[in-house]
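The values are calculated or read from the model by the stated rules, or taken from the named source; none is laboratory data. Values in this document were obtained by computation on a predicted structure and should not be read as measured data. Methodologically, a virtual Cβ is constructed for each residue, glycine included, from the backbone with ideal geometry; neighbour enumeration extends over all protein chains shown.
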């Protein structure tokens, strides 16, 4: 699956290649860690070459797992370190743009608007949603497919004529100063960036196969939870919940009066499961998961009401998806199939690594998605 937003990323990088290389590296610069994945094209199949991760907390004199907002020089230092430790052999990379540095939103246009008119109409309409001068962002858009008429509607002239469906357009905007920052980071790391891509599109690529029914991708990160409603491989709607894994750890730390690092250990060891060491732990975590799931349900209901389409599956990815007991809690909350993402299944790897990659895979979803597009 390829991301339809080719124009914005080719224009902002200036050197878009879209692939054709025998080796590709995806770099996901997250809020609490940087993850990298290198894949190689071996006889037409993407094969894992190496991967690695580095926590950003220590670079800001914070605990591992903390959300950071590091200056460019610290990010550069961390990238160089993880590239060195992982033994990455190529300088040609693809980078993710964090969702907080971009805007993704749908707009509706009259059905009669022609494709040739889009380039002038979309920026005008997008201004209503962008809290910055339009000159300060790079803008791109994608016209979403319309719902097809049913067989009965098409072949029964006696049925009342359905109202004309408006043209839906998904718009993406990235701040120009963010693009400049990432270009500088790439240059100072002596790397060659084939393209930049907003993280959720890379995550969709690595987590989806060929689902035809609407699916929600719930990307559970450190600082926020990102919801993407995907149909036929295309993001139709997007929503952010400003709560993530680091908020849960912080709540554990404060409630139990323990250091953040100890709280992070307990969260990973026990999660939502019952434990004798600290019986209130699961309740503390559950408060935050309940909030995230409640917000998610509101988004799901809004989507289903607007499009008259039922979500068939929820795929959970990101580092937070590894929380013990989360899948079971999700199954009790959503009337849909629940799946934990397995992005490493998209690439070949040594059999002895299978269990390790399955256990850590959701954390590397964005980096894998980037590398796969780079290799195409």
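Observations on the model:
- Total residues in the stretch 310-329, condition in contact with a strand residue (DSSP E or B) (Cβ under 7 Å, 6 or more places away or on another chain), farther than 19 Å from residue 222 by Cβ and not in a strand (DSSP E or B): 3
- Out of 222, 263, 246, 251, sole residue that is free of Cβ contacts under 8 Å to residues at least 60 places away in the same chain and crowded, with 20+ Cβ neighbours inside 10 Å: 263
This table checks each residue for (1) assigned to a strand (DSSP E or B); (2) in contact with a strand residue (DSSP E or B) (Cβ under 9 Å, 6 or more places away or on another chain).
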| residue | (1), (2) |
| --- | --- |
| 182 | no, yes |
| 187 | no, yes |
| 195 | yes, yes |
| 202 | no, yes |
| 209 | no, no |
| 212 | no, yes |
| 217 | yes, yes |
| 223 | no, no |
| 230 | yes, yes |
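- Answer from 346, 324, 279 - the residue that is modelled with pLDDT under 95 and under 23 Å from residue 366 (Cβ atoms): 346
- Sole residue being within 11 Å of the chain's Cα centre (by Cα) and either within 18 Å of residue 341 (Cβ to Cβ) or free of Cβ contacts under 8 Å to residues at least 60 places away in the same chain (or both), chosen from 206, 187: 206
- For the stretch 295-309, the set of residues classified as assigned to a helix (DSSP H, G or I) and either exposed (fewer than 15 other Cβ atoms within 10 Å of the Cβ) or in contact with a helix residue (DSSP H, G or I) (Cβ under 6 Å, 6 or more places away or on another chain) (or both) consists of 297, 298, 301, 302, 304, 305, 306, listed by residue number.
- Considering (1) in contact with a strand residue (DSSP E or B) (Cβ under 9 Å, 6 or more places away or on another chain); (2) under 16 Å from residue 328 (Cα atoms); (3) surrounded by fewer than 20 Cβ atoms within 10 Å (Cβ to Cβ), the lone condition that residue 292 does not fulfil carries the number (3).
- Highlighted here are the helices (runs of 4 or more DSSP H) found entirely within the stretch 50-163 that include at least 3 residues which are modelled with pLDDT of 90 or more and out of contact with any helix residue (DSSP H, G or I) (no Cβ under 6 Å at 6 or more places or on another chain): 72-86, 118-126.
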